[in-house]
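J.: Quick one: this structure, given as structure tokens, is what I'll be asking you about.
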Amino acid sequence: MESGTNLLSQINSPADLKPLNVEQLRSLAEEIRVYLTECVSKTGGHLAPSLGVVELTLALHKVYDLPKDKLIWDVGHQAYVHKILTGRRDQLPTIRQHGGLSGFLRIDESPYDLYGAGHASTSISAAMGFAKARDFRGGKESVLALIGDGALTGGLALEGMNNAADDGTNITVILNDNEMSIAENVGALATYLSKLRMEPMYQFAESTAKGVIKGLPLGSGLITKAARAAKHTATHFATPAHTGLLFEEMGFHYIGPIDGHNVEALIDVFNHVKKMKGAVLVHVLTVKGKGIPYAEADSRTYHGLSKFSPDDGKMESKTVGVSYTSAFADTLCDLSETDDKIIGITAAMPDGTGLNKFAKLHPERYFDVGIAEQHAVTFAAGLAAENFKPVVAIYSTFLQRAYDQIVHDVALQHLPVRFFLDRGGLVGDDGGTHHGVLDLAYLRCVPNMVIAAPKDTDELRAMTRFALAYSAGPIAVRYPRGGARQLTHEDSPEIILGKAEILQDGDDIALIGLGAGVEIALDAAALLADCGVRATVVNARFCKPLDAETILDVARRCGRVITIEDGVTPGGFGSGVLELLADNGVMVPVARIGLPDEFIEHGPVPLLREIVGLTAPAVAAKAREMVGTRRESGYAAV
Ligand SMILES: Cc1ncc(C[n+]2csc(CCOP(=O)(O)OP(=O)(O)O)c2C)c(N)n1
Ligand SMILES: CC(=O)[C@@H](O)[C@H](O)COP(=O)(O)O
Ligand SMILES: [Mg+2]
């Protein structure tokens with residue numbers, strides 16, 4: 001291995017790391033940081049999380065032998081270095097691009113991606129599965145879960161720990177503690193971890209111990225004490241008795257805290273941990289965004305972002321116009337000024353949902369419960385039971401985590417929890433784990449649930465006011481990522497439960513859109529008008545309850561229906577319309593335009609919509625085909 005610069009170009013698999021010494025690893029880390037930042041500046045992505053685990057990833061791939069040893073990543077947004085080191089260095093410029101690398105791990109992308117993710121808190125449970133599979137087949141490999149301090153606030157992580165620490169199997173949990181979730185980490189666990197961060201870690205091998213201790217952010221007195229303690233330790237870790245007690249009491253061997261940027265110490269620790277038996281928790285301290293000043297200084301912004309200048313981090317301009325997120329958040333803030341019953345709840349996504357604005361206005365009525373969607377929903381149910389107005393602002397995809405809470409705690413008890421589902425529909429670069437496309441289907445079958453979807457941001461403002469005033473039971477308002485073309489006019493009718501809005505009349509076909517589907521329907525109607533086909537366009541507004549009167553009327557009058565939704569068609573809005581027509585004996589041809597019964601890849605939303613046929617030209621072509629059949633019986637073909 002040539003030493004000196006450009007080691008990165010010589011790393012084509014983790015095996016290439018084995019001969020490197022500590023100095024070479026340190027310079028490789030710096031090369032990786034530069035390359036990573038350059039690439040992500042052009043594609044956008046999760047910069048700060050990956051910058052924070054450069055040394056940690058190098059040490060893991062240096063000590064362990066993937067894919068024989070199993071490393072399971074939590075979320076996977078911080079695994080760009082892992083991808084670089086496992087044969088995908090040259091593909092990094094394709095990350096999160098259509099047809100390119102996923103922004104998370106994927107079993108089908110690389111043999112080194114032992115398990116996929118995207119949603120948080122899954123790694124320990126999955127690693128437990130790998131560990132027991134190993135035990136059943138008499139394997140000897142190491143099984144590790146790498147989880148962040150934010151992901152550790154998820155109930156699933158604690159469920160996994162509870163089982164892992166009790167089972168007796170050999171499993172290692174690496175806690176990447178950077179004190180950050182997307183925003184600052186929250187909760188009692190975060191407070192406990194910050195106490196542990198203050199504890200020095202003593203460990204053997206005097207040279208390493210001194211190295212580790214020197215790197216720790218401690219006062220000199222503690223360093224002397226720790227260095228003295230290091231002298232007498234021989235072949236075991238000695239940590240202050242109360243360090244890691246929570247984990248120790250659960251049954252983990254707690255090792256830490258360790259400087260997560262000291263690659264020498266990390267290698268030394270993992271070489272020892274590799275030989276340990278039972279459940280081990282290695283507490284690694286890192287800095288999110290490490291090594292790139294603007295990312296270190298503001299890892300909340302540089303957690304995940306679009307294109308930016310690698311020199312100074314300046315981002316390209318955001319989406320033009322008002323975003324759905326802002327329309328919701330601004331309206332909620334307005335309402336909350338005169339209604340102190342409104343409570344804002346987020347599961348670790350204050351910025352993405354817009355609740356950060358509400359938090360500034362009413363810190364006492366704002367709750368970031370951590371990555372704990374199930375708790376968020378049942379917490380809201382308790383508040384609603386006591387006549388407060390809890391608002392759960394959440395990404396559609398992450399609400400999937402709390403399905404039973406929606407059913408069992410909220411809907412079954414008719415509790416008026418207000419759900420605002422951001423990122424409803426295709427989201428783009430995050431891909432299949434993050435598209436919020438199941439919500440219409442998974443919510444529509446829940447009794448007592450009301451589901452509304454605005455055609456633009458002005459209508460979202462109106463729906464937000466409607467939802468806060470609605471108290472007969474749970475209501476979900478879902479809207480897409482980003483902004484929208486304004487379709488609302490001053491004479492648009494007010495929002496009335498279960499009432500649709502007719503946007504234009506035409507007797508040849510009825511185009512019934514929901515949410516983002518309305519704009520597509522209007523554009524398709526314009527295309528159809530150019531070839532003499534007259535379409536009625538309906539803004540459904542509600543997926544549940546449907547506006548039965550309007551839908552039955554337009555179906556009877558036009559004789560054929562196309563429904564359009566940014567969600568899966570199986571069980572979605574269009575299925576609801578189909579059921580309504582069938583139940584009322586209106587047997588007309590119906591085409592459901594939406595997303596197919598398959599997971600959709602990552603890529604720009606317009607391209608993804610083109611691929612699945614969720615576009616105005618596709619709707620118009622379908623309509624011409626359907627009208628054509630009627631035209632044959634007495635109408636001029638179009
Ligand atoms: C179930 C779920 N809820 C929310 C998110 C959004 N999310 C992605 S990363 C992240 C923070 C993760 O924090 P941590 O585990 O500490 O990793 P770090 O970014 O600090 O490396 C959140 C909330 C998610 N991916 N999954
Ligand atoms: C990794 C993760 O789950 C979040 O960072 C998510 O990628 C944010 O999505 P938005 O970019 O739509 O806010
Ligand atoms: Mg973190």
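The values are calculated or read from the model by the stated rules, or taken from the named source; none is laboratory data. None of these values were measured; they are calculated from a predicted model. Glycine gets a Cβ as well: all are built from the backbone with ideal geometry, and neighbour counts include every protein chain shown. SASA here: full protein model, heavy atoms, side chains in, ligands and nucleic acids out. Shrake-Rupley method; radii C 1.70, N 1.55, O 1.52, S 1.80 Å.
J.: Give me P(r) over the chain, computed from all C-alpha to C-alpha distances, binned every 10 Å, as integer percentages.
T.: In whole percents, the pair-distance histogram is 3, 15, 24, 23, 17, 11, 5, 2, 0, 0.
J.: How large is ³J(HN,Hα), in whole Hz, for each residue of region 473-490 in order, when computed from phi with the Karplus curve 6.51 cos²θ - 1.76 cosθ + 1.60 and θ = phi - 60°, using x for Gly and Pro?
T.: Values, residue by residue: x, x, 9, 10, 10, 10, 8, x, 5, x, x, 7, 6, 7, 10, 6, 10, 4 Hz.
J.: Gain in length, Lys360 to Ala548, computed as 0.36 nm per residue apart minus the alpha-carbon separation, to one decimal in nm?
T.: Difference between extended and current length: 63.5 nm.
J.: Sticking with this one: At 1.4 Å probe size, with the rest of the protein present, what percent of the exposed accessible area of the chain is carbon and sulfur atoms?
T.: The computed percentage sits at 55.
J.: By accessible area of protein heavy atoms, probe 1.4 Å, what ranking do Asp298, Asp404 get, highest first?
T.: In descending accessible area the options line up as Asp404, Asp298.
J.: Ok, one more. So, in nm, how far is label Ile611 from label Lys307 when the simple model puts each one 7 Å beyond its Cα toward the Cβ?
T.: 2.1 nm
J.: Quick query: amide H of Asp429 versus all other amide H atoms, modeled in the peptide plane; which residues come in under 5 Å with a sequence gap of 5 or more or a different chain?
T.: The list, which skips near neighbours in sequence, is Gly603.
J.: Measuring from centroid to centroid over Cα atoms, what is the spacing of region 589-615 and region 368-417 in Å?
T.: 29 Å
J.: What accessible area per residue, rounded to a whole number of Å², is obtained for the chain using a probe radius of 1.4 Å?
T.: In whole numbers, the chain has 38 Å² accessible per residue.
J.: Checking the cross-link filter: which lysines have an alpha carbon closer than 28 Å to that of Lys277, excluding same-chain neighbours under 8 positions apart?
T.: Partners within reach: Lys18, Lys62, Lys68, Lys70, Lys132, Lys140, Lys195, Lys210, Lys231.
J.: Exposed loop GluC sites (Glu not before Pro) only (DSSP loop, at most 13 other Cβ atoms within 10 Å): please give the longest stretch of the chain free of them, not including the sites.
T.: 3-315
J.: I've got another one for you. I want to make sure I understand the PRE zone here: with the label point 7 angstrom from the Cα of Ala15 toward its beta carbon, which residues in region 54-84 have backbone N atoms less than 20 Å away?
T.: 58-71, 82-84, by backbone N distance to the label point.
J.: Mind checking the full-extension length gain between Lys140 and Ala385? Use 0.36 nm per residue of separation minus the Cα-Cα distance, one decimal, nm.
T.: 83.0 nm
J.: Work out the length of the dipole vector of region 264-400 about its Cα centre, built from +1 on the beta-carbon of each Lys and Arg and -1 on the beta-carbon of each Asp and Glu, and round it to the nearest 20 debye.
T.: Computed about the Cα centre, the dipole is about 540 debye.
J.: Another one. Where the only charges are on Cβ atoms (+1 Lys, Arg; -1 Asp, Glu), what is the dipole of the chain about its Cα centre, to the nearest 20 debye?
T.: Roughly 1120 debye, rounded to the nearest 20.
J.: Still on this model: Evaluate the charge dipole of region 501-627 about its Cα centre and quote only its size in Debye, nearest 20, assuming +1 on the Cβ of each Lys and Arg and -1 on the Cβ of each Asp and Glu.
T.: Charge dipole, region 501-627, about its Cα centre: 200 debye, nearest 20.
J.: Straight-line reach from Lys341: which lysines have Cα under 25 Å away, leaving out those fewer than 8 places along the same chain?
T.: Within the straight-line cut-off, Lys341 pairs with Lys357, Lys360, Lys389.
J.: Computed FRET efficiency, Cβ-Cβ of Lys314 and Ala526, R0 41 Å: what is it to the nearest 0.05?
T.: 0.60
J.: Here's another thing I want to ask about it. Would you work out which of Ala623, Leu443, Tyr470 lies farthest towards the positive end of the dipole of the chain, given +1 charges on the beta-carbon of Lys and Arg and -1 on that of Asp and Glu, about the Cα centre?
T.: Value: Leu443.
J.: HN-Hα J couplings of region 436-446 from phi, Karplus 6.51/-1.76/1.60, θ = phi - 60°, integer Hz, Gly and Pro as x?
T.: Along region 436-446, the couplings run x, 10, 9, 4, 4, 6, 6, 8, 4, 8, 8 Hz.
J.: Output ³J(HN,Hα) for region 462-471: one whole-Hz value per residue in order, computed from phi by the Karplus curve 6.51 cos²θ - 1.76 cosθ + 1.60 with θ = phi - 60°, and x for Gly and Pro.
T.: Once rounded to whole Hz, the list reads 5, 5, 5, 5, 4, 5, 5, 7, 7, 9.
J.: Take the Cα of Glu625, step 7 Å along the line toward its Cβ, and report every residue of region 540-581 whose backbone nitrogen sits under 18 Å from that point.
T.: What the label zone holds, given the 18 Å backbone N cut-off, is 560-565, 569-570, 574-575.
J.: Calculate the FRET efficiency for Thr338 and His414 from the Cβ-Cβ distance with a Förster distance of 25 Å, rounded to the nearest 0.05.
T.: 0.45
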